[in-house]
Amino acid sequence: MNYLSPSLLAADASKLGEQVKAIDQAGAQYVHIDVMDGCFVPSISFGLPVISSLRPCTKRVFDVHLMIEEPVRYAKEFVQAGADLVTVHAEACRHLDRTVYTLRELGVRVGVALNPATDIRCLEYILPSLDMVLLMTVNPGFGGQKFIPYSLDKIRDLKDMITRKDLHVDIEVDGGVSLENVSDVLRAGANVIVAGSAVFRGNIQENVKEFLGKMG
Ligand code: DX5
Ligand code: ZN
């Protein structure tokens, strides 16, 4: 099953609630929420109060992408704010295994994100404990960047690793995904598609429907 996760980073911040309802009504299954701390990544985006205020707007999956240092410090708070799926960066966790288990004990689905240059082999042992791996296909911190071409090989390699281990782990791809390259990304093995500017620029609902049409 493929899922579309529009990234609110590209939404109009003055109407976040309305825009969440718009992507929900158009059929997007997830809502991608990028949390940035100005330390792991240069930007600061939104945090806990925004997530809890948006929670009543939709029943869709809150796919929370934490681009923050040592996210385990806030694990409980993000779950309480309404996250359904929490993704932490391998590069931001001193104790990745402990972070994953802390989240799991809180009852949410857990993902691990990797920056473009991070080797997927760092997931060798933790992979069976994960629901999802998020591959960054741009350097994290900003929306609207260009998809890094070598990412397609990385998606294929990760898909092979998951298949070889006979696991069911979703592959989410985040950064520079558009209507032009989404088919390549899916063919390489991804099944959760993040799209920020490609959804929120122009007619939001039409864009969501066009993505879903290409995603089968
Ligand atoms: C970047 C974020 C992405 C970003 C994607 O650090 O993790 O989710 O918003 O935006 P686009 O689709 O515009 O590249
Ligand atoms: Zn993201």
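The values are calculated or read from the model by the stated rules, or taken from the named source; none is laboratory data. Because the structure is predicted, anything quoted here is derived from the model rather than measured. Positions of Cβ are backbone-derived with ideal geometry, glycine not excepted, and every protein chain shown enters the neighbour counts. Side chains are part of the model used for accessible areas, which takes the heavy atoms of the whole protein and leaves out ligands, DNA and RNA. Shrake-Rupley method; radii C 1.70, N 1.55, O 1.52, S 1.80 Å.
Descriptive notes on the structure:
- Enumeration of residues in region 139-192 that are under 19 Å from HIS65 (Cβ atoms) and among the small types (Gly, Ala, Ser): GLY141, GLY143, GLY144, SER151, GLY175, GLY176, SER178, ALA190
- Exactly one residue among GLY175, GLY141 is at positive phi and touching a Pro at 6+ places or on another chain (Cβ under 6 Å), and that residue is GLY141.
- Residue tally, condition more than 16 Å from ligand 1 (Cβ to nearest atom) and not in a helix (DSSP H, G or I), over region 61-77: 1
- TYR125 passes every criterion in (1) touching a residue at least 40 places away in the same chain (Cβ under 8 Å); (2) assigned to a loop (DSSP other than H, G, I, E, B); (3) open to solvent by 20 Å² or more (accessible area, probe 1.4 Å) apart from (1).
- Any pair with Cβ under 6 angstrom, 6 or more apart, that starts in region 99-114 at a residue that is more than 10 Å from ALA83 (Cβ to Cβ) and ends at one that is open to solvent by less than 10 Å² (accessible area, probe 1.4 Å) and among the polar types (S, T, N, Q): GLY111/THR87; ALA113/THR87
- For region 60-79, the set of residues classified as away from ligand 2 (no atom under 13 Å from the Cβ) and either touching a residue at least 12 places away in the same chain (Cβ under 8 Å) or closer than 17 Å to ASP34 by Cβ (or both) consists of ARG60, VAL61, GLU69, GLU70, PRO71, VAL72, TYR74, ALA75, LYS76, GLU77, PHE78, VAL79, listed by residue number.
- Evaluation of ALA92 against (1) out of contact with any Gly (no Cβ under 9 Å at 6 or more places or on another chain); (2) open to solvent by 10 Å² or more (accessible area, probe 1.4 Å) (one fails), failing number: (2)
- Check on ASP157, within 14 Å of the chain's Cα centre (by Cα), more than 12 Å from ligand 1 (Cβ to nearest atom) and open to solvent by 10 Å² or more (accessible area, probe 1.4 Å): no
- Subset of region 1-19 that is part of a helix (DSSP H, G or I) and within 9 Å of ligand 1 (Cβ to nearest atom) - its residue that is surrounded by the fewest Cβ atoms within 10 Å (Cβ to Cβ): ALA10
- Which listed residue, of GLY202, GLY144, GLY213, is more than 16 Å from ligand 2 (Cβ to nearest atom), open to solvent by 40 Å² or more (accessible area, probe 1.4 Å) and in a loop (DSSP other than H, G, I, E, B): GLY202
- Members of region 34-52 that are near ligand 1 (Cβ under 9 Å from one of its atoms) and open to solvent by less than 20 Å² (accessible area, probe 1.4 Å): ASP34, MET36, VAL41
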